[in-house]
Amino acid sequence: MSKTEYEHLISNLEYLKLKEMPVHLSDTIDFVTNNGLSFVQGLIKLTDYEVTFKEANMVKAMVRVAGFPHFRELKDFDFSFQENINKEQIMEFTSHRFIHEYQNIVFMGSSGVGKTHLATSIGISAAKKSISTYFIKCNDLISQLKKAKLENRLDARIKHFTKYKCLIIDELGYLPIEPEDSKLFFQLIDKRYEKRSTIITTNINFSSWDKVFRDPTIANAILDRILHHSHVVNITGKSYRLKNYYEDTGGAE
């Protein structure tokens with residue numbers, strides 16, 4: 001290949017917005033020549049660079065738009081600190097079978113035990129596999145639904161949250177929910193029921209959800225749909241936020 005032909009090819013690749021192929025063109029030409037590969041084999045090798053690059057960018061975009069509060073994966077979770085958690089069960093969630101089978105996950109436990117970390121990590125693993133995922137605090141979700149109702153676009157907002165294959169609702173029960181708002185929450189859960197997967201973190205036992213939603217009938221209807229196809233992970237360990245204290249005191253309460 002002459003210098004003019006090489007520069008022409010580079011120009012064409014850049015015009016087509018193929019960012020990685022121009023970078024690896026020279027090395028690929030040498031590799032093909034030195035190993036006696038065919039034109040097709042060389043083209044496959046060169047385009048593989050572009051495909052890998054675009055897939056990585058797509059993963060980054062999926063993770064970015066999911067709204068995660070932090071980028072903590074399961075490899076960052078200290079299972080030795082929370083010994084009551086079944087690590088194999090948590091790792092199984094990253095196979096995303098629960099999403100494909102429209103099942104839910106409920107992480108229950110007091111503040112600081114790692115509920116949000118686990119929910120976020122599972123969500124990140126899903127986003128990395130191009131599974132549409134979104135993270136939102138329960139209070140923010142309720143606020144958005146209330147605002148949408150006032151603006152006569154509730155159906156559109158519920159449809160928006162229903163489109164995600166995995167929706168993570170964090171901190172359910174930390175703030176009280178008014179009876180009318182409970183009905184909005186029910187509508188969303190009902191729309192997702194047996195069609196999408198929802199991960200919920202909560203510090204409230206199921207027996208007290210009627211107090212959270214201020215309406216026993218609505219609370220039971222929500223529970224019925226969430227728990228019908230659900231994995232419940234009850235975390236009874238110590239707070240990660242007090243981890244340094246436990247380490248310094250040798251585990252003293």
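I want to confirm something. Restricting to region 71-85 and keeping residues that are in a loop (DSSP other than H, G, I, E, B) and free of Cβ contacts under 8 Å to residues at least 40 places away in the same chain, which single residue is nearest to residue 189 (Cα to Cα)?
Let us first name the residues in region 71-85 that are in a loop (DSSP other than H, G, I, E, B), namely 71-73, 77-85.
Add one more test, that the residue is free of Cβ contacts under 8 Å to residues at least 40 places away in the same chain, and what stays is 79-80.
Values: 79: 31, 80: 34 Å.
For region 71-85, the residue satisfying everything is 79.
Considering only residues that are open to solvent by less than 60 Å² (accessible area, probe 1.4 Å) and within 19 Å of residue 231 (Cβ to Cβ), which ones fall in region 71-88? Please lay out each step first, then the result.
From region 71-88, those open to solvent by less than 60 Å² (accessible area, probe 1.4 Å) are 73-74, 77-79, 81-82, 85; that's our starting set.
Listed by number, the residues that qualify are 74, 77, 79, 82, 85.
Table: residues versus (1) at pLDDT 95 or above; (2) more than 19 Å from residue 222 (Cβ to Cβ); (3) in a strand (DSSP E or B); (4) of a type outside the set (Val, Ile, Thr).
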{"residue": "102", "(1), (2), (3), (4)": "yes, no, no, yes"}
{"residue": "139", "(1), (2), (3), (4)": "yes, no, no, yes"}
{"residue": "147", "(1), (2), (3), (4)": "yes, yes, no, yes"}
{"residue": "152", "(1), (2), (3), (4)": "yes, yes, no, yes"}
{"residue": "160", "(1), (2), (3), (4)": "yes, yes, no, yes"}
{"residue": "174", "(1), (2), (3), (4)": "no, no, no, yes"}
{"residue": "190", "(1), (2), (3), (4)": "yes, no, no, yes"}
{"residue": "195", "(1), (2), (3), (4)": "yes, no, no, yes"}
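Looking for something in a helix (DSSP H, G or I) and within 24 Å of residue 216 (Cβ to Cβ) - is there at least one such residue anywhere in region 104-122? Walk me through how you get there before you give the answer.
Start the filter on region 104-122 by keeping residues that are in a helix (DSSP H, G or I), which leaves 115-122.
Of the ones still in play, those that are also within 24 Å of residue 216 (Cβ to Cβ) are none.
No; the residues of region 104-122 include none that is in a helix (DSSP H, G or I) and within 24 Å of residue 216 (Cβ to Cβ).
Can you name every residue in region 94-123 that is crowded, with 19+ Cβ neighbours inside 10 Å, in contact (Cβ under 8 Å) with a residue 60 or more places away in the chain and farther than 14 Å from residue 165 by Cβ?
106, 107, 108, 109, 113, 114, 115, 116, 117, 118, 119
When region 210-239 is examined, which residues are found to be in a helix (DSSP H, G or I), under 25 Å from the mean Cα position of the chain (by Cα) and of a type outside the set (Val, Ile, Thr)?
Matches in region 210-239: 223, 224, 225, 227.
I'm trying to understand the selection: among the residues of region 208-227, which are at pLDDT 95 or above and in contact with a strand residue (DSSP E or B) (Cβ under 9 Å, 6 or more places away or on another chain)?
225, 226, 227
Do any helices (runs of 4 or more DSSP H) entirely within region 1-70 hold 3 or more residues that are of a type in the set (D, E, K, R) and open to solvent by 90 Å² or more (accessible area, probe 1.4 Å), and if so, which? Steps first, answer last, please.
Numbers: elements: 3-15, 20-35, 39-65.
Where helices (runs of 4 or more DSSP H) fall fully within region 1-70 and carry at least 3 residues being of a type in the set (D, E, K, R) and open to solvent by 90 Å² or more (accessible area, probe 1.4 Å), they are 3-15, 39-65.
The values are calculated or read from the model by the stated rules, or taken from the named source; none is laboratory data. The shown structure was predicted, so the numbers you read here are calculated from the model rather than taken from an experiment. Note that we place each Cβ from the backbone using ideal geometry, even for glycine, and neighbour counts take in every protein chain shown. Each accessible area value is taken on the protein alone, full model and side chains, heavy atoms only, with ligands, DNA and RNA left out. Shrake-Rupley method; radii C 1.70, N 1.55, O 1.52, S 1.80 Å.
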